[in-house]
Amino acid sequence: MRTQVAIVGAGPAGLVLARMLELQGIDSVVLESRSREYVEKRTRAGILEQPTVDVVHELGIGDRLAAEGMAHDGFHLRFDRTTHRFDFHSLVGGHATVYPQQKLVADLIAARVSSGLPILFGAFVKGIDTATGRVTYERDGHVHELDADIVAGCDGFHGVARTAIPTALRRDRSRSYPFSWLGILANSTPVSDEGMYCAHENGLSVHSMRGPAVTRQYLQVPEGTDLADWPDDRIWDELAVRSESHDGAPLDRGEIVDRSLAPLRSFVSETMSHERLFLLGDAAHIVPPTGAKGLNLAVSDAAVLSHALGRWFATGARDALDAYAATCLPRIWAAQLFSWTLTTTLHRMSDDPLDARLRFARLRRWVESEAERTALGEVYLGLPFPSRW
Ligand code: FAD
Ligand code: DHB
């Protein structure tokens, strides 16, 4: 089989890129190791920046997002039992939209299938020849080859694409944090009208939502935590303790329908391309989830590569393709800085009282200073994409 662009992975990065290429008349084949049902059910991100929402509409797949997405002006921040509202919309314009990642993924898959374009589920990519563009994958117990002009590695942090770049050429920057997020999805009423971060001496809690009767909430837990040690009552008790306040409604409890643990890591593979291979999204970088940037970065990478490929296939000019990493990296690092700042301010970082004083000094500055909130809001609601798709 031969195509112009082989896309490895049907997460947000791969599917958005596939749609952008389709609308430019560029052929692609999407290879995804999991089943369609699995990727359409995987509970993950939920907060879309304004530029991401704009792109979803430009791609002609925004009807369900427009009907079901919840536009928020900002978020609430709670510490010392007091709630503060950060209205970023009034400071910088635009919105953050709550729309589950798996719905966006399902909308993109539905569009691809209805266009009759190739997307192969259960296709596990085993090798990428970066010089020739040959992708080797296994499906139904057989080994297949796909030859492409370009390979887009959109296979997430644990995928194979990044490992196809020789180690000697890779420039990776990485930090792990000594805690994880325990995330739940529950049938309960959101505690506030917009998402809320609580900085408590026991650690962070996040209170987000997926609808008027469905909540998505997170607890900072030590790395190495076993979910078996967290029965429902313990989760609800800890969420209640960390979000206790003198000015808000008490937390509603309900049935927990999904739970997971996610480690926190800052990671950038600054070598985002090699020969015919280009890395996008989590394959190239991971942010800690605080601030909800991951999915949005995947979409902005796709916009940059789509634009560069459009130019290369149409004119043969390689300049935008050669500048792919240089174009993406400033926005990636801005999001890294934002996620790191929120992470180190909102989590209990250590037992050192100096750390705690510095964190709470920063929280107070955010509350007192409109300039500080404006700077936060610019990144939270979404810096402009580096290029149009
Ligand atoms: P992925 O979504 O990981 O997709 C990669 C795809 O490649 C997968 O479908 C995988 O099955 C497939 N694959 C892997 N290996 C192979 C292979 N060898 N062959 C073929 N296919 C392969 N981000 C936000 O923006 N907002 C949020 O609110 C937010 N909250 C989050 C909360 C949690 C708890 C977590 C864990 C993440 C959160 N994120 C958030 C991050 C976000 O989910 C990711 O950044 C996003 O999924 C990245 O998309 P991607 O397409 O790059 O990678
Ligand atoms: C959500 C995820 C995040 O990473 C975050 O910082 C806030 C909310 C969410 O899943 O709704």
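Things to note:
- Top-ranked residue of region 32-81 - restricted to ones that are touching a helix residue (DSSP H, G or I) at 6+ places or on another chain (Cβ under 9 Å) and hydroxyl-bearing (Ser, Thr, Tyr), ranked as nearest to Glu370 (Cα to Cα): Thr52
- Scanning region 130-162 for residues that are touching a residue at least 60 places away in the same chain (Cβ under 8 Å) and part of a loop (DSSP other than H, G, I, E, B) yields a total of 11.
- Condition met for Asp73 (without any contact (Cβ under 8 Å) to a residue 60 or more places away in the chain and either more than 10 Å from ligand 1 (Cβ to nearest atom) or among the aromatic types (Phe, Trp, Tyr) (or both)): no
- Going through (1) within 14 Å of ligand 1 (Cβ to nearest atom); (2) touching a residue at least 12 places away in the same chain (Cβ under 8 Å) one by one, Leu59 falls short only on (1).
- Looking only at residues in region 195-233 that are surrounded by 12 or more Cβ atoms within 10 Å (Cβ to Cβ) and in a helix (DSSP H, G or I), the one that is nearest to ligand 1 (Cβ to nearest atom) is Leu227.
- Any hit, region 225-233, residues being under 30 Å from Asp172 (Cα atoms) and either touching a residue at least 24 places away in the same chain (Cβ under 8 Å) or not aromatic (Phe, Trp, Tyr) (or both): yes
- Residue check for Leu117: assigned to a strand (DSSP E or B) and either more than 16 Å from Ile286 (Cβ to Cβ) or at pLDDT below 95 (or both): no
- Residue that is farthest from Leu342 (Cα to Cα), among those in region 206-227 that are in contact with a Lys or Arg (Cβ under 9 Å, 6 or more places away or on another chain) and away from ligand 2 (no atom under 11 Å from the Cβ): Leu227
- In the condition set (1) near ligand 1 (Cβ under 10 Å from one of its atoms); (2) surrounded by fewer than 21 Cβ atoms within 10 Å (Cβ to Cβ), Ala106 is compliant with all but (1).
- In region 266-294, residue surrounded by the most Cβ atoms within 10 Å (Cβ to Cβ) [restricted to those that are part of a loop (DSSP other than H, G, I, E, B) and at positive phi]: Ala292
- Scanning region 77-88 for residues that are closer than 15 Å to Ala10 by Cβ, more than 13 Å from ligand 1 (Cβ to nearest atom), modelled with pLDDT of 95 or more and not β-branched (Val, Ile, Thr) turns up nothing.
- Count of region 97-151 residues which are under 30 Å from Gln217 (Cβ atoms) and either of a type in the set (D, E, K, R) or within 16 Å of ligand 2 (Cβ to nearest atom) (or both): 10
- Residue match in region 251-259 (condition: under 27 Å from His84 (Cα atoms) and of a type in the set (D, E, K, R)): yes
- The criterion of being within 16 Å of ligand 1 (Cβ to nearest atom), of a type in the set (A, V, I, L, M) and touching a Pro at 6+ places or on another chain (Cβ under 6 Å) does not hold for Val39.
- Residue match in region 186-194 (condition: within 12 Å of ligand 1 (Cβ to nearest atom) and either within 30 Å of Ser245 (Cα to Cα) or under 25 Å from the mean Cα position of the chain (by Cα) (or both)): no
- Meets criteria (modelled with pLDDT under 95 and not basic (Lys, Arg)) for Met1: yes
- Scanning region 342-360 for residues that are part of a loop (DSSP other than H, G, I, E, B) and crowded, with 16+ Cβ neighbours inside 10 Å yields His347, Arg348, Met349.
The values are calculated or read from the model by the stated rules, or taken from the named source; none is laboratory data. It should be emphasised that the depicted structure is a prediction, and the values quoted were computed from it without experimental measurement. All Cβ positions, glycine included, derive from the backbone under ideal geometry; neighbour counts span all protein chains shown.
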